[in-house]
């Protein structure tokens, strides 16, 4: 006996819509195609599953039994299909991890390498980059295994644990009037030209975060997301910039730059780990999440 999934879905749509026409609209078919599939299903089974009348269709007792069995069959088939999301093509376990750029540059390479070195069976990690503000939503909507974001507090709708902490710092070229300062408040240096990106990625989002600490807008000359390119522009005197301290340290000597601590409270960032639901995590995903959790302890980068 050969009954394809499309026929079962069409039959389910007819039962739930109590109409061949509604089933056709739901499944993207013409009504005659739905009628033909139901007729072939009845011929294959040797029983009548739908009673036709002028108001539509009704399942027979056999049809009602088939309806519940068909739902169960399709659920099982969907669970088989989901295997492709959980495993790589070579059969290894696969974990989908989404993180912001700072996390990917600053600490994920070391932590992932250490995790992989402790595993008897290697897992494949698919690492996606996204903005922190989008990551909790992506974990829920796209059913990603683990997210890493920074925020002023845990995001709603996901289960979060604190991860690393870092600071954003002001970066100026050597010889700049601010070079001798150990720390500043951002509002004290508003008169200088700035190069974006900013924490929260756009100037508008940054102002929502830090605007309460400023008495006026910043003069943003150029927006550039690439850290190295931003440092090159700072060296050429095109403006001063704000960037994660751990990333700034990479370029200070190379480009003749100086970092200056920011005294503003928003300059300290808290990273969080998040999952959709810890109770439904797969074993491999849970192992990585728990490993990351042991690396937290509010460590600073």
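The values are calculated or read from the model by the stated rules, or taken from the named source; none is laboratory data. Fair warning: this is a prediction, and the values are worked out from it, not measured in the lab. Virtual Cβ from ideal backbone geometry, glycine too; neighbours counted across all protein chains shown.
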Residue among 239, 256 that alone is surrounded by fewer than 21 Cβ atoms within 10 Å (Cβ to Cβ) and farther than 30 Å from residue 147 by Cβ | 256
Go through 209, 186, 178 for me and flag whichever is within 20 Å of residue 151 (Cα to Cα), at pLDDT 95 or above, assigned by TED's automatic domain parsing to the domain that holds residue 263 and in contact with a helix residue (DSSP H, G or I) (Cβ under 7 Å, 6 or more places away or on another chain).
-> 186
Out of (1) in contact (Cβ under 8 Å) with a residue 60 or more places away in the chain; (2) surrounded by fewer than 18 Cβ atoms within 10 Å (Cβ to Cβ); (3) touching a strand residue (DSSP E or B) at 6+ places or on another chain (Cβ under 6 Å), what's the single condition that is false for residue 267?
-> (2)
Inspect all residues belonging to region 137-146 and state whether any of them is in contact (Cβ under 8 Å) with a residue 24 or more places away in the chain, assigned by TED's automatic domain parsing to the domain that holds residue 277 and within 22 Å of residue 206 (Cβ to Cβ).
-> yes
Over region 1-59, the set of residues touching a strand residue (DSSP E or B) at 6+ places or on another chain (Cβ under 7 Å) and either touching a residue at least 40 places away in the same chain (Cβ under 8 Å) or in a loop (DSSP other than H, G, I, E, B) (or both) is 14, 15, 18, 19, 49, 57, 58, 59
Kindly indicate which of 229, 210 is surrounded by 13 or more Cβ atoms within 10 Å (Cβ to Cβ) and either over 28 Å from the mean Cα position of the chain (by Cα) or assigned to a helix (DSSP H, G or I) (or both).
-> 210
Can you tell me which residue in region 186-207 is farthest from residue 265 (Cα to Cα), limited to those that are assigned to a loop (DSSP other than H, G, I, E, B) and out of contact with any strand residue (DSSP E or B) (no Cβ under 7 Å at 6 or more places or on another chain)?
-> 191
Failed criterion for residue 220 (all others in (1) assigned by TED's automatic domain parsing to the domain that holds residue 256; (2) assigned to a loop (DSSP other than H, G, I, E, B); (3) touching a strand residue (DSSP E or B) at 6+ places or on another chain (Cβ under 6 Å) hold) | (2)
Number of the exception - residue 144 against (1) at pLDDT below 95; (2) touching a helix residue (DSSP H, G or I) at 6+ places or on another chain (Cβ under 7 Å); (3) under 27 Å from residue 229 (Cβ atoms) | (3)
Does residue 84 count as out of contact with any helix residue (DSSP H, G or I) (no Cβ under 7 Å at 6 or more places or on another chain), in a helix (DSSP H, G or I) and modelled with pLDDT of 90 or more?
-> no
Collect the residues in region 272-285 that are over 21 Å from residue 141 (Cβ atoms) and crowded, with 16+ Cβ neighbours inside 10 Å, keeping them in residue-number order.
-> 284
Which residues, counting only those in region 237-253, are closer than 12 Å to residue 195 by Cβ and over 29 Å from the mean Cα position of the chain (by Cα)?
-> 237, 238, 239, 240
Of the conditions (1) outside any helix (DSSP H, G or I); (2) surrounded by 15 or more Cβ atoms within 10 Å (Cβ to Cβ); (3) more than 22 Å from the chain's Cα centre (by Cα); (4) touching a residue at least 60 places away in the same chain (Cβ under 8 Å), residue 234 fails just one. Which one is it?
-> (1)
